[in-house]
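Please read the structure below before turning to the comments.
The values are calculated or read from the model by the stated rules, or taken from the named source; none is laboratory data. Keep in mind the model is a prediction, meaning the values are calculated, not measured. Don't worry about glycine lacking a Cβ; one is built from the backbone with ideal geometry, like all the others, and counts go over all protein chains shown. Side chains included, ligands, DNA and RNA excluded: accessible areas come from the protein's heavy atoms. Shrake-Rupley method; radii C 1.70, N 1.55, O 1.52, S 1.80 Å.
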Amino acid sequence: MLGKLNHVAIAVRDMEAALKVYRDTLGGDVSEKVAQPDHGVSTVFVNLPNTKIELLEPLGDNSPINKFLEKNSAGGIHHICYEVEDILAARDQLVAQGARILGDGEPKIGAHGKPVLFLHPKDFLGTLTELEQA
Ligand code: CO
């Protein structure tokens, strides 16, 4: 089921401060900041040779990463994203094995314009896990 590691997402309070680290200190190839109002975040991607880092900054009052940032005031790794060949087949197989899908269980269009799902962290070693259609 698992394909490539698509990205590792890091939640940040302040994108400018995060860019100082990833662009200026680490010399990363960073994208423009894009507001994702449907997801309550703004994103910047750091393009690496083999994968991406997704920097997530809260957008709006009800951002889904607010609670995470309350617990992790310095920011931190929020989720990892794996590519799958067929997201609906992957979902059905995981649900049949007892895994929980967050939200209504239907894929939503993610930051790359492809269908994504989030799996419950308690079923995946304490790690919020995103699946993205390859
Ligand atoms: Co993601």
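Structure notes:
- Mean Cβ count within 10 Å, highest first, over the residues of peptides 66-74, 114-122: 114-122, 66-74
- For the chain, DSSP calls about 70 percent of its internal beta bridges antiparallel.
- For the range 31-91 versus the range 117-132, the gap between their alpha-carbon centres in whole angstrom: 13 Å
- Rounded tilt (10° steps) of 87-96 against the dominant C-alpha axis of the chain: 60 degrees
- Rounded percent of accessible protein surface that carbon and sulfur make up, the chain, 1.4 Å probe: 53 percent
- All lysines inside 23 Å of Lys67 as judged from Cα atoms, apart from same-chain residues fewer than 8 positions distant: Lys33, Lys108, Lys122
- Over the range 2-133, the alpha carbon radius of gyration divided by the compact-protein estimate 2.2 N^0.38 Å works out to 1.05.
- The value of relative contact order for the range 2-133, using C-alpha pairs under 8 Å at least six residues apart, is 26 percent.
- For the range 74-134, the spread of Cα coordinates along the three principal axes comes to 37, 28, 19 Å, biggest extent given first.
- Between Ala134 and Ala96, the distance separating the two model label sites (each 7 Å from Cα on the Cα→Cβ line) works out to 1.9 nm.
- Ala17-Ile109 FRET efficiency (beta carbon distance; Förster radius 30 Å; 0.05 resolution): 0.55
- Counted charge near Leu5, where neighbours are those whose Cβ lies closer than 13 Å (Asp, Glu -1; Lys, Arg +1): -2
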